[in-house]
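Structure first, then comments.
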Amino acid sequence: MLSYRHGFHAGNFADVLKHIVLVDLLDYLTQKDKPFEYIDSHAGAGLYKLSSPQANKTSEYEGGISRLGNEDFPELGRYLSLVGEACNGNGTRLSHYPGSPWFARRYLRERDRAWLYEAHPTDFAALEKLMDRDSRVRCQQEDGFQGLLSHLPPTTKRGLVLIDPSYEVKSDYQQVVDYLIKAHRKFPSGVFALWYPVVDRARIDRLTQKLVGSGIRRIQLFELAVQADSNEHGMTASGMIVINPPWTQFERMQQLLPKLLSKLDQQDGFYRCEQLAGE
Ligand SMILES: C[S@@+](CC[C@H](N)C(=O)[O-])C[C@H]1O[C@@H](n2cnc3c(N)ncnc32)[C@H](O)[C@@H]1O
């Protein structure tokens with residue numbers, strides 16, 4: 001039974017970091033004319049109304065996207081303008097926050113393809129409607145981990161995989177690495193991005209150790225903690241692990257993360273920008 005609904009969390013500090021990295025990766029893949037495939041194993045609904053009862057219940061976006069202004073972050077111009085577009089171009093009022101499939105679709109050219117997996121029936125229906133029978137996009141209401149493996153390697157030989165599960169059960173932390181390793185084995189040249197929440201630091205340490213122990217090369221980690229690690233309930237930090245990142249991404253994140261921290265920090269926050277495995 002799926003209880004997680006991303007609508008409660010849309011636009012929070014974790015979404016901000018995730019989507020900044022995602023937009024960077026999409027920018028990179030569309031620099032060349034050669035087509036690419038985008039695979040989103042846990043797609044969500046695709047677009048979230050910030051005035052919905054869900055978003056308003058927690059107002060998490062107030063600690064995330066609401067704190068970022070164009071004037072403070074000229075280097076985030078592309079990401080912020082896309083968020084503005086999702087609000088029907090009404091740049092001054094933040095009415096909606098886009099999800100990963102929305103960002104990806106915005107980048108698709110004629111020969112690019114997107115495969116979106118979403119298991120929750122309500123979010124799947126919303127996603128399908130949003131994608132509006134776009135012939136470049138296929139939405140599947142299936143398990144995203146299995147779906148992901150079935151597409152690799154992509155026919156275009158160029159691809160970006162986003163793995164962004166809800167980590168509702170503890171075994172997810174183990175499962176994501178197992179699937180990531182299998183997926184990488186099938187498509188070693190692919191770009192992979194794995195999102196993770198920090199609720200219990202030890203789980204993330206185990207996850208990264210296993211990934212590094214797999215022998216996969218070119219792994220980078222970008223994390224933003226808005227609070228110090230804690231044993232209390234709740235997410236204090238989140239991160240993105242990227243395999244085969246663009247060569248410019250590390251330096252860009254090194255400059256960006258301290259700036260983001262200064263805007264999003266709630267209490268004793270910190271950031272991590274690390275090369276987990278080199279060339
Ligand atoms: C964190 S949200 C995704 C957010 C989205 N990637 C974004 O950035 O906007 C995780 C989603 O995975 C869905 N989900 C959970 N288990 C799944 C599974 N086995 N296969 C596909 N989707 C699943 C949940 O319903 C939820 O909508």
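Report yes if Ile20 is within 12 Å of the ligand (Cβ to nearest atom) and assigned to a helix (DSSP H, G or I), otherwise no.
Spelling it out, Ile20 is indeed within 12 Å of the ligand (Cβ to nearest atom) and assigned to a helix (DSSP H, G or I).
Of the conditions (1) modelled with pLDDT under 95; (2) closer than 15 Å to Ile39 by Cβ; (3) of a type in the set (A, V, I, L, M), Leu149 fails just one. Which one is it?
With respect to (1) modelled with pLDDT under 95; (2) closer than 15 Å to Ile39 by Cβ; (3) of a type in the set (A, V, I, L, M), Leu149 is out only on (1).
Within region 190-218, take every residue that is among the hydrophobic types (A, V, I, L, M, F, W, C) and within 16 Å of the chain's Cα centre (by Cα) and give me the one that is nearest to Thr156 (Cα to Cα).
Checking each candidate, the answer is Val191.
Out of Gln175, Gln209, report the one residue that is within 14 Å of the ligand (Cβ to nearest atom) and free of Cβ contacts under 8 Å to residues at least 40 places away in the same chain.
Going through Gln175, Gln209 in turn, the sole match is Gln175.
Under 8 Å between Cβ atoms, which residue pairs at least 6 apart in sequence (or on different chains) link something in region 26-47 that is over 17 Å from Ala183 (Cβ atoms) with a partner that is part of a helix (DSSP H, G or I) and more than 16 Å from the ligand (Cβ to nearest atom)?
As it stands, the answer is Asp27/Arg78; Tyr28/Gln249, since those pairs meet every condition given.
Residues of region 70-107 being among the small types (Gly, Ala, Ser) and touching a helix residue (DSSP H, G or I) at 6+ places or on another chain (Cβ under 8 Å), which ones?
Selection gives Ala86, Gly91, Gly99, Ser100, Ala104.
Of everything in region 30-50 that's over 22 Å from Leu94 (Cα atoms) and out of contact with any Leu (no Cβ under 6 Å at 6 or more places or on another chain), which residue is nearest to the ligand (Cβ to nearest atom)?
The residue in question is His42.
Within region 108-132, count every residue that is of a type outside the set (A, V, I, L, M, F, W, C) and either surrounded by 15 or more Cβ atoms within 10 Å (Cβ to Cβ) or at pLDDT below 95 (or both).
Selection size over region 108-132: 8.
Given the conditions (1) of a type in the set (A, V, I, L, M); (2) in contact with a helix residue (DSSP H, G or I) (Cβ under 8 Å, 6 or more places away or on another chain); (3) not in a loop (DSSP other than H, G, I, E, B), which single one is not true for Ala43?
(3)
Anything in region 233-279 that is of a type in the set (Phe, Trp, Tyr) and touching a Cys at 6+ places or on another chain (Cβ under 9 Å)? List them, or say none.
Passing the criteria: only Phe250.
If you check Tyr38 against the conditions, is it within 18 Å of the chain's Cα centre (by Cα) and buried (at least 23 other Cβ atoms within 10 Å of the Cβ)?
yes
The values are calculated or read from the model by the stated rules, or taken from the named source; none is laboratory data. Since this is a predicted model, take the numbers as computed values, not measurements. Glycine also receives a Cβ, built like all others from the backbone with ideal geometry; neighbour counts cover every protein chain displayed.
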